[in-house]
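One structure is given here, and the rest of the page talks about it.
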Amino acid sequence: MTVYDAVVLAGGAARRLGGADKPGVRVGGRALLDRVLGACGGAGRTVVVGPRRPTVRLVTWCREEPAGGGPLAALDAGLRRVRAERVLVLSADLPFLDARTTTDLLAELETAAAADGVVLTDPGGREQPLVAAYRTESLRRELGLLAAEHGTLTGLPVRLLTTELSLARVHHPTASFDCDTWEDIGTARARIRDDGSVLDEWISAAKAELGIELDVDTAGLLDLARDAAHGVARPAAPLTTFLVGYVAAQRGGGPEAVAQAIREAGALAARWAEEGRKPDGAS
């Protein structure tokens, strides 16, 4: 398993959102910042550069000096608190970023031994340097050179940093989608509800809200709910899945406890339905 830290850039004035608190804007019931934090949950240390706010998990907070100094100044402030040799650098406005994508970035960095970093590319092939995995010392070196050359990092564009780095690339069609305007927010919210992964989105939001980590057998639970609804009565579906979750927790929790409870309740539902189909006196 790759050891890494994460730096999440959550500052900025969000002028195109009318000055709204962009990291706190909710998409799919979760703040944008919390969605990004969920995508880097394996980080040894997660540093968020921006104003403090409630988050779904513990993080280390810091600010660039002066506040609002731009992405390179914010990145420099975050890197000062990083200890791992590899670091994920992420903006806080990525509603479709997930752990699979960050894992792919880190895996590619392991494979590309000569690369300073691995950046995500968007559907148009454009590099997204704030959705990337880097070697920490490479970033520190280049930031130091830029600071020496320009006298400050404040206000400098990100492209000055990546121009001098050797970068590999990972393509993903949606993970780099960022929310700069209310139209972007609306698009993200609509895509979550219309997409075929709406159940996965809902389960992820529910787990985050309830503070649990569990691989959910969605298909198994839906099959059980269907069998209970058809074989017993429609209200039996939610009640049965609740009971399955309760007994799984009583048995110690975990995927196997859930799977076993699903099997037991499913067998009961099948027997119940079978009795309803047999005529009186049948064996």
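The values are calculated or read from the model by the stated rules, or taken from the named source; none is laboratory data. This structure is a prediction, so every number in the text was calculated from the model and none was measured. A quick note on method: Cβ atoms are made from the backbone with ideal geometry, for glycine too, and the neighbour counts reach across all protein chains shown. Ligands, DNA and RNA are excluded from the accessible area calculation, which covers all protein heavy atoms including side chains. Shrake-Rupley method; radii C 1.70, N 1.55, O 1.52, S 1.80 Å.
Using 0.36 nm times the number of residues separating VAL56 and LYS207, minus their current alpha carbon distance, what extension gain do you get?
Working: separation 151, 0.36 × 151 = 54.36 nm, distance 1.06 nm.
Full extension of this stretch gives 53.3 nm more.
Which residue fluctuates the most in the chain, going by a Gaussian network model with Cα springs under 10 Å, if the choices are ARG26, ARG81, ARG53?
ARG53
Tell me the carbon and sulfur percent of the accessible area for the chain, rounded to whole percent, probe radius 1.4 Å. Intermediate values should be presented prior to the final figure.
Working: 8090 of 15170 Å².
Ligands and nucleic acids excluded, carbon and sulfur give 53 percent.
Quick one: if the Förster radius is 41 Å, what FRET efficiency do ALA270 and THR163 give, using the C-beta to C-beta distance and rounding to 0.05? If you can, show how the numbers build up before the last one.
Values: r = 64 Å, r/R0 = 1.55.
Calculated transfer efficiency: 0.05.
Mind checking which of SER91, PRO23, ALA219 is farthest towards the positive end of the chain's charge dipole, using Cβ charges of +1 (Lys, Arg) and -1 (Asp, Glu) about the Cα centre?
Checking the options against the dipole of the chain, the answer is PRO23.
With a 1.4 Å probe and every protein chain left in place, work out the accessible area per residue of the stretch 136-220 in Å², rounded to a whole number. Provide the component values of the computation, followed by the final result.
Working: 5150 Å² over 85 residues.
With the other protein chains kept in place, the stretch 136-220 gives 61 Å² per residue.
Please provide three numbers in whole Å: the alpha-carbon extents of the chain along the principal axes, with the largest listed first.
Here the spans come out as 92, 42, 35 Å, largest first.
Taking the Cα centre of the chain as origin, sum charge times position over the Cβ atoms of Lys and Arg (+1) and Asp and Glu (-1), and report the length of that vector in debye to the nearest 20. Before the final figure, lay out the partial values.
Working: 33 positive and 38 negative charges, 129 e Å.
Magnitude of the dipole: close to 620 debye.
Name the helices (complete DSSP H segments) of the chain with a Cα length along the long axis of 15 Å or more and a Kyte-Doolittle mean of at least 0.0, or state none.
Values: long enough: 99-111 (18 Å, -0.22); 136-150 (21 Å, -0.39); 182-194 (18 Å, -1.03); 198-210 (18 Å, 0.43); 218-231 (19 Å, 0.17); 236-250 (21 Å, 1.19); 255-277 (33 Å, -0.32).
Counting only whole DSSP H runs, the qualifying helices are 198-210, 218-231, 236-250.
Run the numbers for GLN260 and ALA148: contour at 0.36 nm per residue of separation, minus the present Cα-Cα distance, in nm. Spell out each step's value before the answer.
Values: separation 112, 0.36 × 112 = 40.32 nm, distance 6.18 nm.
Length gained between GLN260 and ALA148: 34.1 nm.
How far apart, in nm, are the 7 Å Cα→Cβ label points at THR174 and GLU110?
2.6
Looking at the chain only, what percent of DSSP beta bridges run antiparallel? Nearest 5 please. Walk me through the intermediate numbers first.
Working: 12 of 29 bridges.
If I count the DSSP bridges inside the chain, around 40 percent turn out antiparallel.
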